[in-house]
Structure formats: structure tokens, C-alpha cells
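One structure is given below, encoded as C-alpha cells.
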Amino acid sequence: MKDIYILGIESSCDETSASIVKNGKQEINTTILSQIDIHMLYGGVVPEIASRTHVKDITFVIDKCLKDSGLTIDKIDAIAVTYGPGLIGSLLVGIEAAKTLAYIYGKKLVPVHHIAGHIYANNLEKELEFPLISLVISGGHTDLIYMKDHLSYENIGTTVDDAVGECYDKVARVMNLPYPGGPKVDLLAREGKTTYTLPLPLKDDNYHFSFSGLKSAVINLIHNEKQKGNEIRVNDMCASFQEVVVQSLTTKTLKTMEERKVNNLILAGGVAANSSVREAFTDLCKKKGYSFSYPSIKYCSDNATMIAAAGYFLYKNERFSDLKLNGKSTDELR
């Protein structure tokens, strides 16, 4: 059987990335240029700056990826690119680069949903086993997705307000922690104790999540403590906040698995790198006898490797796009 090489391009937010993946699971080479140092100055991603930086970097990133892989463009079977969801200006840079390569070199153009990419990051190290539940947790998403087979998605639950990663960053900002806040909160939480009382959000029987109220509770608690002249124990606040987040995620997810009678769980997205989230699910799934997996840290944040991995299965199913492909800032995974 002929090997399939997919060149993936990712530019949905503030990482400019290109990657070549063989047969959907073997990473040949990946190049990533992060903009964290730039956006750290503003405490978060500035869309206009992100898109302009992509324009400056995209050609270099693709050229370097090909050069370092030892492959020529002739060896590539298709160009996979994130079309959405994401920052529209950033998305368009990657899309136009992908369309240009597809046109000039006569390659198939494969449109990849960003969340599908995060899910298929798991396939790079362990083949997906179906049926499965995927918990997608990132700065923009908190989704429970049921998959009965490849490229089959049923969105069971989502966030009704803030995404979990967004909540992490906002809580970190209130405590004057540097951007990006999520990894810093996770690190400090491991050194603290759960001494602050915070509410468990959306404690009900549905599959949806809510983190806006938890964020507000942290803000109000910090404000009240300062009004009383009390010093905020940042490590303890991080630990207390993270415990509630983990409880919310695990409770809803395991409820879904039990009711759907699914024994396979995967994590996906940037917050899947969180150590406490990983440990909690590992312990609970072991007790329940569930199969559980998550990507390596390098595949959790935005990267083109995951886009190429997902692109392989779309390529095999002949889900191509013409050169009219456009970006979508919001789009349901289906």
C-alpha cells in the first residue's frame, strides 16, 4: 500500500505551524513559531497582531518544515489546513497559503476543523478505539464529543459561557499571574491547599459546562479578602480553583460515559496538558476499568501535526475542497 504524506498548516490563533505526517500517525517533521512572547505584553492574544505575524512567518515556516523533513513538495499527497473555528484573520493566512500550494503543485486541498485536529492528536501515539468520548478542553472550547467511528462526531455537551481555558486565563489575570495563565495556575496549585471555598458550577443532570460563575466567585472572593486586609494565598487559591474545575470536568464526563455505555475516553486541547486533569482522569478511569489516553504535551497546544493527522482520514474519505475555501470563525464539528 502506498504511503500517504499530508502537509498540514495551522494558523487559527497565535501559532504559525506546518507539519508533514505519514499515514495519519507518523510525524515526519513539524515547525512551529509561537507568538506568546508578543502577546504576553498585552495579557492575551491581539487578533490584528496575530494575523500580521502569520503573514510575516508563514512562508518561512512551510519552507523550513519541508527542508528539515528531507522531502520535496512532489512527495506530498495533499495539503491539509485549519479552516475554522478561530480568529478569522489568522485563519485566512494559513488558508491562502494552503490554496496557493494546492494550485501551483496540483495537490488536493483538505479542510480540517480545528477541534477534529485536537481529537486526532491522540491518534499520533495510540490508534483511536471506537466508540469513544472525547473531552475537548481549551481556551475556546469545553466539549464532550461522541464518536462511533472515524470522522463521526456527535456533540453531547458544551460550555454555556466561558471555556475552561478562558476561565483559567481570567482567573490568573486577577491574581496578577503572567499570560498564558493556565500553566502557571496548574503549577502553583500543586504547591497549595484547597483552603478556599468555591461553588461547583452547573451542578445538574445535563452534559453542559459553565465556568463564568466560578470565575466570578474567585474575583469576588479575592476582592472581599482584600477589603478585609487579608493577604491572598495565591497557591491555595489556585489549588481551590483547580479542584473545582477538575470536579466539574470529571463528573460530567464520567456521567456521559456511563449513560452512553462507552469505555474509551480521550482528552484533547490545550488544557489536556494540565497535570491535575490528567491525574484525576487517569485514577478515575483506572477504577472504572475504562481505557484512557491523552496526547503528549507538544500535541496539546495548537500545532500542524494534529491537522495533518486529521487530514489523512479526510483525504482517505475524499473530503476535499476547491479553491473557494474560506475561513470560519465559528463552526460546529460534524
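Label-point separation (nm) for F130 and R190, each offset 7 Å from Cα along Cα-to-Cβ?
3.6
How high is the relative contact order of segment 93-220, given as a whole-number percent (alpha carbon pairs under 8 Å, six or more residues apart)?
About 17 percent, as a whole number.
What is the order of R190, R233, fewest Cβ neighbours within 10 Å to most?
Going from sparsest to densest Cβ surroundings: R190, R233.
If r is the Cβ-Cβ distance from K316 to K67 and R0 is 25 Å, what FRET efficiency results, to the nearest 0.05?
0.35
I need the semi-axes of the equivalent ellipsoid of segment 129-293: take the C-alpha gyration tensor, multiply each eigenvalue by 5, square-root it, list largest first in whole angstrom.
So the three semi-axes of segment 129-293 are 30, 15, 14 Å.
Tell me, what HN-Hα J-couplings in whole Hz come from the Karplus equation 6.51 cos²θ - 1.76 cosθ + 1.60 at θ = phi - 60° for each residue of segment 127-141, using x for Gly and Pro?
Running phi through 6.51 cos²θ - 1.76 cosθ + 1.60 with θ = phi - 60° gives 4, 4, 10, 10, x, 9, 10, 10, 9, 9, 10, 8, x, x, 9 Hz.
Can you tell me the order of 47-55, 236-244 when each peptide is scored by its average per-residue count of other Cβ atoms within 10 angstrom, highest first?
Ranked by mean Cβ neighbours within 10 Å, highest first: 236-244, 47-55.
For the chain, give the share of DSSP beta bridges that are antiparallel, in percent and rounded to the nearest 5; count only bridges with both residues there.
55
Expressed as a whole number of Å, what is the distance separating the alpha-carbon centroids of segment 127-185 and segment 47-87?
So the two Cα centres are separated by 25 Å.
With respect to the cross-link table entries K64/K126; K170/K193; K56/K316; K75/K108; K107/K298; K193/K228, which display a Cα-Cα separation exceeding 24 Å?
The pairs that break the limit, which is 24 Å between Cα atoms, are K64/K126; K56/K316; K107/K298.
Please list log₁₀ I(q)/I(0) at q = 0.13, 0.14, 0.25 Å⁻¹ for segment 98-181, using the Debye equation with identical point scatterers on the alpha-carbon positions.
Here the Debye-derived log intensity ratios amount to -0.61, -0.68, -1.12.
Where does each of 4-11, 32-39 land if you order them by average Cβ count within 10 Å, highest first?
4-11, 32-39
Using only Cα atoms, figure out Rg for segment 171-268 and give it as a multiple of 2.2 N^0.38 Å.
1.21
What list do you get for F209, F313 if you sort them by fewest beta carbons within 10 Å?
Ordered by Cβ neighbours within 10 Å, fewest first: F313, F209.
Counting only Cα atoms, I'd like the Rg/Rh figure for the chain, Kirkwood definition for Rh.
Rg/Rh: 0.99.
Return the whole-Å distance between the Cα centroid of segment 231-304 and the Cα centroid of segment 96-126.
27
Quick one: net charge of M257's neighbours, Cβ under 13 Å, K/R +1, D/E -1?
+4
Using only Cα positions of segment 52-145, each an equal point scatterer, no hydration layer, compute I(q)/I(0) via Debye at q = 0.14, 0.20, 0.26 Å⁻¹ and quote the log10 values to two decimals.
Here log10 of I(q) over I(0) equals -0.66, -1.13, -1.34.
Rule-based calculations on the coordinates, nothing more; no lab input. Bear in mind the structure is a predicted one, so any value in this text is a computation, not a measurement. All Cβ positions, glycine included, derive from the backbone under ideal geometry; neighbour counts span all protein chains shown.
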